[in-house]
Amino acid sequence: MKKLFLLPLLFIALFANAQAKYQAALTDALAKMEASKNAEEMQNAANQLTRIANAEPKEWLPNYYAAYAHINLTFLLKDEDQRDQTLDKAQVFLDRALKLQPKESELYVLQGYLHQARLVISPMMRGMKYSGLASAALEKATQLNPNNPRAYFLLGQNAFNTPKMFGGGADAAKPILAKAKEKYAAYKPASSLLPNWGESRALALLAKCQ
């Protein structure tokens, strides 16, 4: 009888230990990603996050961050084909995360960010297509969570980089970025592992609209 009583406690202890290791590994990988200053360092962080995502197939956050790191990596690469291939990898991780959490606002923010990264590779050729795709994903993010500051930041960025003749520019972006500023001020992530990026970039972009 005593053994039967101890068995559930053993499983609980093992699960808690596994969760602690997973969280520690993810925290370490995120710190390395944030500290990355060049493509090699970002690639190493992306590789570490890839390993965590593959080891934790039922967790959406590692897949989210593996996608996020690969998107960030593309801004540090010069070869256009390599950048597209890296974004293809990011999309795989993002699709995995969406299957796990199809109603998570942060994932649609990341999809919008990925579309923006595609656009940046060739603005003249891709502007119309990927600007629209980014806006649609980001609007979906605001519908799922009207208080998500990253959605407004990237919508503002989209508007800022859209030519005035198509309804964009600093004047169009300013109210959206001002809303992003308000949302960031009120935002308090429930966990240190949850997404918490973009505020400094949003404020810098808003300053350009003054």
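The values are calculated or read from the model by the stated rules, or taken from the named source; none is laboratory data. Given the structure is predicted, the values throughout are model-derived calculations rather than measurements. Note that each Cβ is placed from the backbone with ideal geometry, even for glycine, and that neighbours are counted across all protein chains shown. To get the accessible areas, we keep the full protein, side chains included, count just its heavy atoms, and leave off ligands, DNA and RNA. Shrake-Rupley method; radii C 1.70, N 1.55, O 1.52, S 1.80 Å.
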Leu6 is checked against (1) assigned to a helix (DSSP H, G or I); (2) modelled with pLDDT of 95 or more and fails just one. What number does that condition carry? (2)
Among Ala204, Ala180, which is the only one that is touching a Pro at 6+ places or on another chain (Cβ under 7 Å) and in a helix (DSSP H, G or I)? Ala180
Taking the condition outside any helix (DSSP H, G or I) and out of contact with any Cys (no Cβ under 6 Å at 6 or more places or on another chain), does Lys89 pass? no
Quick check on my filter: what residues within the range 129-150 are in a helix (DSSP H, G or I) and under 12 Å from Ser105 (Cβ atoms)? Ala137, Leu138, Glu139, Lys140, Ala141, Thr142, Gln143, Leu144, Pro149, Arg150
Mind checking which pairs have a first residue in the range 118-141 that is assigned by TED's automatic domain parsing to the domain that holds Gln91 and a second that is surrounded by fewer than 20 Cβ atoms within 10 Å (Cβ to Cβ) and part of a helix (DSSP H, G or I), Cβ under 7 Å, 6 or more apart or different chains? none
From the list Gln101, Gln82, Gln91, exactly one residue is farther than 18 Å from Gly198 by Cβ, surrounded by fewer than 20 Cβ atoms within 10 Å (Cβ to Cβ) and within 12 Å of the chain's Cα centre (by Cα). Which is it? Gln91
Every residue in the range 151-175 that is in a helix (DSSP H, G or I) and open to solvent by 50 Å² or more (accessible area, probe 1.4 Å), please. Phe160, Asn161, Lys164, Met165, Phe166, Asp171, Lys174, Pro175
